[in-house]
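Report on one structure; see the data block that follows.
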Amino acid sequence: MISEIVIPGDFLLATPALKGSYFQDCVIFMVECSQRAGSWGLVINNRVHMPLDEVFKRNVKLVNAPRYLHTFFFGGPVQSTDPFQKLSVCILEAGTSVFNGAFEISNGVFVSRIPLDMELPVSKLIKPENSNARMFFGYSGWASGQLEDEILNGVWEVANPVPFEVFSRNRDEVPITANSFRKSYERHRAR
């Protein structure tokens with residue numbers, strides 16, 4: 001049963017079996033794990049820097065804002081399949097959430113799934129005190145039983161550091177590869 005192998009709030013670390021694939025060196029934060037419905041999570045170390053006004057063109061509050069690059073993340077290769085057909089962005093926040101209805105994945109770590117037609121409170125998300133809020137495009141998903149098989153076959157290693165400690169840091173301080181995340185996690189466990 002998958003709940004015995006990986007649970008929401010765990011991290012998947014890519015193993016060498018994924019070399020040459022989209023997921024090489026990826027670290028994935030698991031949001032939902034269900035034997036019946038499948039599982040999904042967000043790649044936390046595939047970042048891109050883009051101007052806010054290119055991403056949120058419809059947000060009039062950004063029209064006269066200074067132009068600077070913001071850190072976004074590609075959460076995975078899946079963009080528009082059930083249950084996310086009308087979703088464009090997921091937000092991970094540590095501490096508190098600026099969204100009503102955000103779902104708490106782990107103690108103090110929240111996820112919000114944002115519909116395309118919803119006005120994002122971008123001005124709140126980019127405040128200096130929200131330097132840990134992460135915006136994701138896409139997600140990583142597995143059909144029922146697929147992730148369990150991949151873990152048992154050594155494709156992924158499951159790590160379970162305290163998610164709040166990972167996400168309460170500045171979004172630009174996330175380890176770059178699965179190996180650096182693994183080393184950081186091992187040092188933390190040794191304390």
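Quick look at the numbers
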item: Modelled FRET efficiency - R0 41 Å, Gln35 with Glu165, Cβ distances, 0.05 increments; result: 0.90
item: Segment Arg47-Glu157, extension gain: residue separation times 0.36 nm, minus the distance between their alpha carbons; result: 37.5 nm
item: In nm, spacing of pseudo-spin labels at Ser21 and Ser144 (7 Å Cα→C-beta vector); result: 2.2
item: Reciprocal mean inverse distance between Cα atoms of the range 1-48 - Kirkwood radius, Å; result: 11.4
item: Counted charge near Leu125, where neighbours are those whose Cβ lies closer than 11 Å (Asp, Glu -1; Lys, Arg +1); result: +2
item: Net charge contributed by nearby residues that have their C-beta within less than 10 Å of Thr71 (K/R +1, D/E -1); result: +2
item: At R0 = 30 Å, FRET efficiency that the Cβ-Cβ distance of Arg189 and Glu129 yields, to 0.05; result: 0.50
item: Test item: Cα-centred dipole of the range 145-191, Lys/Arg +1 and Asp/Glu -1 on Cβ, debye; result: 380
item: Principal axes of the range 128-171: Cα extent on each, largest first, Å; result: 42, 23, 14
item: Area accessible to solvent at Arg134, 1.4 Å probe radius, in Å²; result: 0
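The values are calculated or read from the model by the stated rules, or taken from the named source; none is laboratory data. Everything numeric in this text was worked out from a predicted model, so none of it was measured. No Cβ is skipped: glycine too gets one built from the backbone with ideal geometry, and neighbour counts run over all protein chains shown. All accessible areas refer to the heavy atoms of the entire protein, side chains included, with ligands and DNA or RNA removed. Shrake-Rupley method; radii C 1.70, N 1.55, O 1.52, S 1.80 Å.
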